[in-house]
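Novice: Supplied in structure tokens, the structure appears directly below.
The values are calculated or read from the model by the stated rules, or taken from the named source; none is laboratory data. Owing to the predicted nature of the structure, the values given are computational and were not obtained by experimental measurement. Note that we place each Cβ from the backbone using ideal geometry, even for glycine, and neighbour counts take in every protein chain shown. Calculation scope for accessible area: heavy atoms of the full protein, side chains included, ligands and nucleic acids excluded. Shrake-Rupley method; radii C 1.70, N 1.55, O 1.52, S 1.80 Å.
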Amino acid sequence: MTVAEAARRTGVSVKALKIYEQRGLIAPARTEAGWRVYGPDERERLRDIATLRGLGFSLASVGDILAGETDAMDAALAHHAETLSARLEDVGEQIARVQALRRDIASGRRPDAGELTAIVVEHTAPRLAFDLPWPWGGERFELAAVRPLTYIVGPLGSGKTRLARRIADAWPGAVFSGLDRAEISADALHQRHKADPARAERVERGLEWLDGEGANASHALACLVDALEHPDATALVIDMVEQDLDAPTQEAIAGFLKMRASIRRPVFALTRSSAVLDLAAVGEGEGIVFCPANHAPPLLVQPVPGGRGYEGVASCLATPEVRARTAGVIAWRPPEPDAGAPRGGAVGCGSTQASAVTDWDVPPA
């Protein structure tokens with residue numbers, strides 16, 4: 001089979017196939033013209049790789065397992081055990097609700113259809129609803145089914161950070177991690193982990209997994225993983241996931257977010273990086289919310305070419321190299337004397353011209 005045929009039959013993207021080959025996990029044959037071809041052995045190996053990746057193994061761990069080494073399996077299996085335990089807890093809660101309704105029926109009360117559907121809906125698709133803050137006009141914003149991983153995307157000045165903060169406020173127990181997360185010193189981070197060994201262990205496992213994916217160690221990465229492993233958060237809202245991370249690390253973080261997100265502990269990730277959000281690889285458990293530049297209400301994007309909001313999101317995403325060149329750039333225009341709130345429309349996704357307050361945060365000195 002060709003690359004395209006192998007991707008279609010195995011459910012692995014063409015991009016992933018090339019990464020597997022670069023990491024030495026698979027070695028397709030070549031035609032005389034130099035085209036890659038995949039035979040039965042390669043297809044079987046691809047299925048094994050896809051299965052191991054689905055279990056949460058990093059690329060490095062997959063390579064070790066395929067090579068017959070087992071020492072690297074423990075961390076990924078520990079994560080998989082946590083995932084299964086969370087699912088088991090969900091099922092236990094659903095069973096308890098079913099039993100309660102059966103007791104009601106036995107006592108003569110007849111539950112309505114809504115009570116029956118809530119058994120499934122409340123545990124598989126949490127709902128989020130609130131009135132939008134300024135710069136919107138108080139319109140109602142609703143996510144009828146919150147996905148385990150939701151990306152929030154928008155151009156400069158579109159209000160996406162304001163939306164993210166409102167999501168964190170509306171979700172009981174949610175934790176918002178802003179761009180100041182890396183301001184904690186290495187020593188303070190060490191003291192935090194010393195006081196919470198369980199969190200420290202999860203962070204260490206996460207960093208090991210990311211290292212196996214090709215991420216480069218840095219204080220910014222450690223702080224991001226620490227935020228994602230907050231022990232008490234019922235949901236996580238992460239501002240600009242790619243902040244201070246290089247291209248390989250952003251690509252690794254993309255996989256880490258997919259692996260760590262769950263229905264019980266959803267992640268809302270703000271990003272404008274095409275490495276973090278690959279529109280060609282958006283999965284079933286992922287959603288995208290787009291904040292338009294004209295401050296129309298945020299909308300849930302259909303992640304297919306031609307779908308609602310797709311082109312807007314695509315125009316906002318840039319490669320890590322471009323994002324690095326524009327790091328720290330904001331769009332801002334000082335308010336006129338006695339003019340009150342800032343005025344003027346937001347700039348486009350790629351502009352660096354001062355025009356409006358970026359996400360309506362505090363302007364620079």
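Novice: Taking the stretch 1-28 as the search range and keeping residues that are over 18 Å from VAL62 (Cβ atoms) and out of contact with any Phe, Trp or Tyr (no Cβ under 8 Å at 6 or more places or on another chain), which one is surrounded by the fewest Cβ atoms within 10 Å (Cβ to Cβ)?
Specialist: Restricting to residues being over 18 Å from VAL62 (Cβ atoms) and out of contact with any Phe, Trp or Tyr (no Cβ under 8 Å at 6 or more places or on another chain), the top hit is ALA4.
Novice: Please indicate, with yes or no, whether at least one residue in the stretch 128-151 is among the hydroxyl-bearing types (Ser, Thr, Tyr), surrounded by 20 or more Cβ atoms within 10 Å (Cβ to Cβ) and within 23 Å of PRO303 (Cα to Cα).
Specialist: Scanning the stretch 128-151 turns up at least one residue that is among the hydroxyl-bearing types (Ser, Thr, Tyr), surrounded by 20 or more Cβ atoms within 10 Å (Cβ to Cβ) and within 23 Å of PRO303 (Cα to Cα).
Novice: Moving to a separate point now. So which pairs qualify, if the first residue must be in the stretch 222-237 and hydroxyl-bearing (Ser, Thr, Tyr), the second must be assigned to a loop (DSSP other than H, G, I, E, B), the Cβ gap must be under 7 Å, and the two must be at least 6 apart or on different chains?
Specialist: THR234/TRP171; THR234/PRO172; THR234/GLY173; THR234/ARG265
Novice: Here's something else I'd like to know. Assess whether GLU21 counts as being among the charged types (D, E, K, R) and not in a helix (DSSP H, G or I).
Specialist: no
Novice: Go through the stretch 24-56 and give me each residue that's under 26 Å from TRP209 (Cβ atoms), in contact with a strand residue (DSSP E or B) (Cβ under 9 Å, 6 or more places away or on another chain) and not in a helix (DSSP H, G or I).
Specialist: Across the stretch 24-56, there are no qualifying residues.
Novice: Test ALA198 against the stated conditions and say whether it is within 22 Å of GLU82 (Cα to Cα) and not charged (D, E, K, R).
Specialist: yes
Novice: Within the stretch 290-303, does at least one residue satisfy the condition of being of a type outside the set (Lys, Arg), at pLDDT below 85 and open to solvent by 70 Å² or more (accessible area, probe 1.4 Å)?
Specialist: no
Novice: Quick one: CYS223 ticks every box in (1) part of a helix (DSSP H, G or I); (2) open to solvent by 60 Å² or more (accessible area, probe 1.4 Å); (3) under 27 Å from GLY173 (Cβ atoms) bar one, so which box is it?
Specialist: (2)
For every residue, the table says whether it meets (1) touching a strand residue (DSSP E or B) at 6+ places or on another chain (Cβ under 9 Å); (2) part of a strand (DSSP E or B); (3) on the phi > 0 side of the Ramachandran plot.
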position	(1), (2), (3)
ASP232	yes, no, no
GLU242	yes, no, no
GLU251	no, no, no
GLY255	no, no, no
LYS258	yes, no, no
ILE263	no, no, no
PHE268	yes, yes, no
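Novice: Scanning for something open to solvent by less than 50 Å² (accessible area, probe 1.4 Å), at pLDDT below 90 and outside any helix (DSSP H, G or I), does the stretch 330-339 turn up at least one residue?
Specialist: yes
Novice: Say we look at the stretch 95-121 and pick out the residues that are in contact with an Asp or Glu (Cβ under 9 Å, 6 or more places away or on another chain) and within 30 Å of ILE167 (Cβ to Cβ); which of these is modelled with the highest pLDDT?
Specialist: ARG97
Novice: Quick one: in the stretch 265-290, of everything that is under 12 Å from the mean Cα position of the chain (by Cα) and among the acidic types (Asp, Glu), which residue is nearest to ALA233 (Cα to Cα)?
Specialist: If we take residues in the stretch 265-290 being under 12 Å from the mean Cα position of the chain (by Cα) and among the acidic types (Asp, Glu), then GLU286 is nearest to ALA233 (Cα to Cα).
Novice: What are the residues in the stretch 200-217 that are open to solvent by less than 40 Å² (accessible area, probe 1.4 Å) and touching a helix residue (DSSP H, G or I) at 6+ places or on another chain (Cβ under 6 Å), if any?
Specialist: Once the filter is applied, which keeps residues that are open to solvent by less than 40 Å² (accessible area, probe 1.4 Å) and touching a helix residue (DSSP H, G or I) at 6+ places or on another chain (Cβ under 6 Å), the stretch 200-217 yields ALA200, VAL203, GLY206, LEU210, GLY212, GLU213, GLY214, ALA215.
Novice: For ILE184, indicate whether it is open to solvent by less than 20 Å² (accessible area, probe 1.4 Å) and at pLDDT 90 or above.
Specialist: So ILE184 fails the test.
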